[in-house]
Amino acid sequence: MPPFAPIAGQLADLTPAVTRRLADPDETQWIQKGPGTDLSALPTGVVRLGPYRFHVSGAVMLKGARAAAADLPQSVTLELGGAKARALAFLHTTGWIGSQRYERVGSYTLTYADGSKATLALEYGRHLTSWLEPQVRTVVYEPVWRGKTADGLDAGLNALVWNNPKPELPIQSLTLESGGAAANPTLVGLTLLERSPYGAEAPR
């Protein structure tokens, strides 16, 4: 497959679940550091990042150990209405840098139409990393966007592809959960893919 060949999928609109805006003009949004340290450089709307398309409107940022994340929800459930997918692409990050590599910081749980569930544990530095650590690389996620803050800090977002353990079943919902660590899971985009770019090698 050629590099960055597009992969078709159903884009989820996260707007109803957004807990923080990407731009932070008044120190109440993103990580509450103001316009010099926010994610306003990230394109919004329907955007193509690497081989994936996402609908970007804000962030579903979850609760974390930092004071600026204390008022956020511990978990959020996104209703997916019985959609099917071979894999799911997550455009995600953490608001703050983790204290240790491979610390479990949260999870994604799929609930299927028959009531069964599948969970992917999220480990910092393996499945996701802070938007301010674009230099951290693993074989598990893909770097799909790189930019800078207004203050000149390097920033980046990565995409994680999770092979759906039960692709034959309709997906009722996806639940995002935070472990409450400093590195709090933050979902910026979600796409239900018609095929996996990695075959059986993606996390499942």
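Just one of Leu169, Leu190 is surrounded by 21 or more Cβ atoms within 10 Å (Cβ to Cβ) and either within 16 Å of His55 (Cβ to Cβ) or in contact with a Phe, Trp or Tyr (Cβ under 7 Å, 6 or more places away or on another chain) (or both); which is it?
Leu190 is the lone residue from the list that is surrounded by 21 or more Cβ atoms within 10 Å (Cβ to Cβ) and either within 16 Å of His55 (Cβ to Cβ) or in contact with a Phe, Trp or Tyr (Cβ under 7 Å, 6 or more places away or on another chain) (or both).
Which of the residues spanning the stretch 90-100 are farther than 11 Å from Thr186 by Cα and either in contact (Cβ under 8 Å) with a residue 40 or more places away in the chain or under 15 Å from the mean Cα position of the chain (by Cα) (or both)? Even if it seems obvious, please write down each step before you answer.
In the first step, residues of the stretch 90-100 are kept if they are farther than 11 Å from Thr186 by Cα; the result is 97-100.
Result: Ile97, Gly98, Ser99.
Results for (1) within 20 Å of Leu190 (Cβ to Cβ); (2) part of a strand (DSSP E or B); (3) not hydrophobic (A, V, I, L, M, F, W, C), shown as yes or no for each residue.
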{"position": "Lys63", "(1), (2), (3)": "yes, no, yes"}
{"position": "Gly82", "(1), (2), (3)": "yes, yes, yes"}
{"position": "Ala85", "(1), (2), (3)": "yes, no, no"}
{"position": "Leu88", "(1), (2), (3)": "yes, yes, no"}
{"position": "Thr111", "(1), (2), (3)": "yes, yes, yes"}
{"position": "Arg126", "(1), (2), (3)": "yes, no, yes"}
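Within the stretch 52-59, is even one residue over 15 Å from the mean Cα position of the chain (by Cα), small (Gly, Ala, Ser) and assigned to a loop (DSSP other than H, G, I, E, B)?
Going residue by residue through the stretch 52-59, those that are over 15 Å from the mean Cα position of the chain (by Cα) are none.
Scanning the stretch 52-59 turns up no residue that is over 15 Å from the mean Cα position of the chain (by Cα), small (Gly, Ala, Ser) and assigned to a loop (DSSP other than H, G, I, E, B).
Consider Thr19 against the criteria (1) free of Cβ contacts under 8 Å to residues at least 12 places away in the same chain; (2) surrounded by 16 or more Cβ atoms within 10 Å (Cβ to Cβ): it satisfies all of them except one. Which criterion is unmet?
(1)
Limited to the stretch 147-189, what total is found for residues that are closer than 15 Å to Leu42 by Cα and not charged (D, E, K, R)?
Start the filter on the stretch 147-189 by keeping residues that are closer than 15 Å to Leu42 by Cα, which leaves 147-159, 186-189.
Of the ones still in play, those that are also not charged (D, E, K, R) are 147, 149-150, 152-153, 155-159, 186-189.
Number of matching residues: 14.
Select from the stretch 88-123 the residues that are more than 15 Å from Gly179 (Cα to Cα), among the aromatic types (Phe, Trp, Tyr) and either surrounded by fewer than 24 Cβ atoms within 10 Å (Cβ to Cβ) or in contact with a Lys or Arg (Cβ under 6 Å, 6 or more places away or on another chain) (or both) and list them in ascending order. Give the derivation first.
If we filter the stretch 88-123 for residues that are more than 15 Å from Gly179 (Cα to Cα), which is where we start, we get 88-92, 110-118.
With among the aromatic types (Phe, Trp, Tyr) added as a condition, the list becomes 90, 112.
Once the filter is applied, which keeps residues that are more than 15 Å from Gly179 (Cα to Cα), among the aromatic types (Phe, Trp, Tyr) and either surrounded by fewer than 24 Cβ atoms within 10 Å (Cβ to Cβ) or in contact with a Lys or Arg (Cβ under 6 Å, 6 or more places away or on another chain) (or both), the stretch 88-123 yields only Tyr112.
Values quoted throughout were computed directly from the atomic coordinates according to the rules given, and no laboratory measurement underlies them. The shown structure was predicted, so the numbers you read here are calculated from the model rather than taken from an experiment. Here the Cβ is made from the backbone with ideal geometry for all residues, glycine too, and neighbour counts use every protein chain on show.
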